[in-house]
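These notes are about the structure you will find just below.
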Amino acid sequence: MLVVEAKLKNGTSEQYQRLDEVIRTSQFVRNSCVRYWMDNKGTTRNDLQKLCSRLAKNQDTPWVTKLNSQARQSSADRAWQSINRFYQNCRAKISGQKGFPKFKKHSRSVEYKLTGYKLSDDRRKIKFTDGFKAGEFDLWCSQRTLVYYSEQQIRRVRVVKRCDGYYCQFLIDVERLEHHEPTGQVTGIDLGLKEFYTDAQGNTVDNPRYLRKSEKRLKKAQRRLSKRFQKGSRQSNNYHKQRVKVAKIHLKVSRQRKDKAIKDALALVHSNDMVVYEALKVRNLVKNRKLSKSISDASWYQFTEWLNYFAKIYRIVCVAVPPHFTSQDCSVCGTRVQKSLSTRTHQCPNCKTVLDRDHNAAINVLKKGLQYLGNYLNGSVGHTQTGASAVLGSPQVEQLAYPNALGESDLWVFNGNIENLSCLVEQGISNSDVERIPHYIA
Ligand SMILES: [Zn+2]
């Protein structure tokens, strides 16, 4: 699946208002579904779909029938998703908040499936054809890639409102696969605040701290906004103008972060046959108030998501390991050297190794990853031919959750080309018998 995003341009302000109405209606349907679920015990997904058609026929809510029927269904699906997530969290007994479904106040998107819109033949225009009659918009696509895909491949069309305009996201059913030139390199990375990451070879990528850079402008804009806020009354036009300005600064920061995450992840995947990273529990880390802003600004989670994504499409191995003691243990002899966050160098009293703290951690991360992969491969001796190789070589990209020997965490092997990892054999982690390593089946 691939998402192509295009901006909806050259509509009249009336057309954009109609898009707003569409989004509001979709929100109404979703909230009605959540309300229905709260009031009726044992509501199923199917009940919500039935509720949709009842809402469409209801004389009191004439706007619902204007919304495309499939868009109504996907609004109900969205309600069901949040209900389902709540159930899952309860079943999994996660600590803290379980995410009880909330009513949405400021929805910003609506999803069409296969009907309710029409694309022009040259894929430069889109026309919304449901009851709201939002009409035709020009599509401004940065990549101009939409033209390569047939109408059957476009499975979903989502209209998203952002502070700088309206966008259309096309979900395209295509499996993206790229060629990876084996480099013979494997690496582990230690995510940090001072450097964005340090790899096992000691290379670093700096942390741009986009929010910190925009903070001055943001603070000024927010000060102006709060001056214009009038308690208890309708806000003025000037207030709303300023609100959009603040939102635009945030949007810029988030775009910068995304760009950076994509570039760094892609570069890492290009130059390595295997990447190991720490599965950090960012949710717990941001509880540290002194560091929470810096941690959010670094957007590690987003980066690891992109890393997984590119690992998938380039078919390299990507392993997540638990972060325990990676910065404390000596990467040479394994002695645990306690250090505080401010200690930047690792000095081992046992083997006299002196290394940068993050570099030491990155080596440990790599070692853990290789060990896990080795455990996985050696553990699947008996059924390499059937089980493991079938999964590893299958065209669908699957995450393999495999409990390792230490029982610490799951090993995530993406559909990578394990053949390239001669290092496993060299380091004696996998047995010298290369035949046993599952081969990728084209
Ligand atoms: Zn040591």
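The values are calculated or read from the model by the stated rules, or taken from the named source; none is laboratory data. Every value quoted in this text rests on a predicted model; they were computed, and no experiment measured them. Neighbour counts are summed over all protein chains in view; Cβ atoms, including those assigned to glycine, are modelled from backbone coordinates with ideal geometry.
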Discussion item. Let me spell it out: the conditions are (1) within 20 Å of Ala320 (Cα to Cα); (2) not assigned by TED's automatic domain parsing to the domain that holds Asp273, and Thr198 meets all of them except one. Which number is the exception?
Written reply: (2)
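This table checks each residue for (1) surrounded by 14 or more Cβ atoms within 10 Å (Cβ to Cβ); (2) touching a residue at least 40 places away in the same chain (Cβ under 8 Å); (3) within 27 Å of Ala221 (Cβ to Cβ).
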{"position": "Ala247", "(1), (2), (3)": "yes, yes, yes"}
{"position": "Arg255", "(1), (2), (3)": "no, no, yes"}
{"position": "Lys260", "(1), (2), (3)": "yes, yes, yes"}
{"position": "Ala267", "(1), (2), (3)": "no, no, no"}
{"position": "Ser271", "(1), (2), (3)": "yes, yes, no"}
{"position": "Val276", "(1), (2), (3)": "yes, yes, no"}
{"position": "Val286", "(1), (2), (3)": "yes, no, yes"}
Worksheet item: In segment 58-77, which residue that is surrounded by 21 or more Cβ atoms within 10 Å (Cβ to Cβ) and not hydroxyl-bearing (Ser, Thr, Tyr) is nearest to Asp20 (Cα to Cα)?
Response: Leu67
Item to complete: Mind listing whichever residues of segment 324-336 are within 9 Å of the ligand (Cβ to nearest atom) and over 21 Å from Lys194 (Cα atoms)?
Response: Val332, Cys333, Gly334, Thr335
Item to complete: Mind listing whichever residues of segment 261-301 are in a loop (DSSP other than H, G, I, E, B), touching a Leu at 6+ places or on another chain (Cβ under 9 Å) and at pLDDT 80 or above?
Response: Asp273
Response to the item:
Selection over segment 113-169 where residues are over 20 Å from Gln70 (Cα atoms) and of a type in the set (A, V, I, L, M, F, W, C) yields a count of 7
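For every residue, the table says whether it meets (1) assigned by TED's automatic domain parsing to the domain that holds Ala76; (2) in a strand (DSSP E or B); (3) over 25 Å from Ile154 (Cα atoms).
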| residue | (1), (2), (3) |
| --- | --- |
| Lys7 | yes, yes, no |
| Glu14 | yes, no, yes |
| Glu21 | yes, no, no |
| Ser26 | yes, no, no |
| Arg35 | yes, no, yes |
| Met38 | yes, no, yes |
| Thr43 | yes, no, yes |
Discussion item. Among the residues in segment 352-360, are any in contact (Cβ under 8 Å) with a residue 60 or more places away in the chain, in contact with a Ser or Thr (Cβ under 7 Å, 6 or more places away or on another chain) and within 16 Å of the ligand (Cβ to nearest atom)?
Written reply: yes
Item to complete: Look through Val205, Val160 and report the one residue that is β-branched (Val, Ile, Thr) and closer than 30 Å to Val275 by Cα.
Response: Val205
Item to complete: Say whether the condition of being outside the structural domain of Tyr372 (by TED's automatic domain parsing), part of a helix (DSSP H, G or I) and among the β-branched types (Val, Ile, Thr) is met by at least one residue in segment 234-248.
Response: yes
Discussion item. Condition first: within 17 Å of Val205 (Cα to Cα), in contact with a Cys (Cβ under 7 Å, 6 or more places away or on another chain), in the same structural domain as Gln371 (by TED's automatic domain parsing) and away from the ligand (no atom under 16 Å from the Cβ). Can you find one or more residues in segment 285-305 that meet it?
Written reply: no
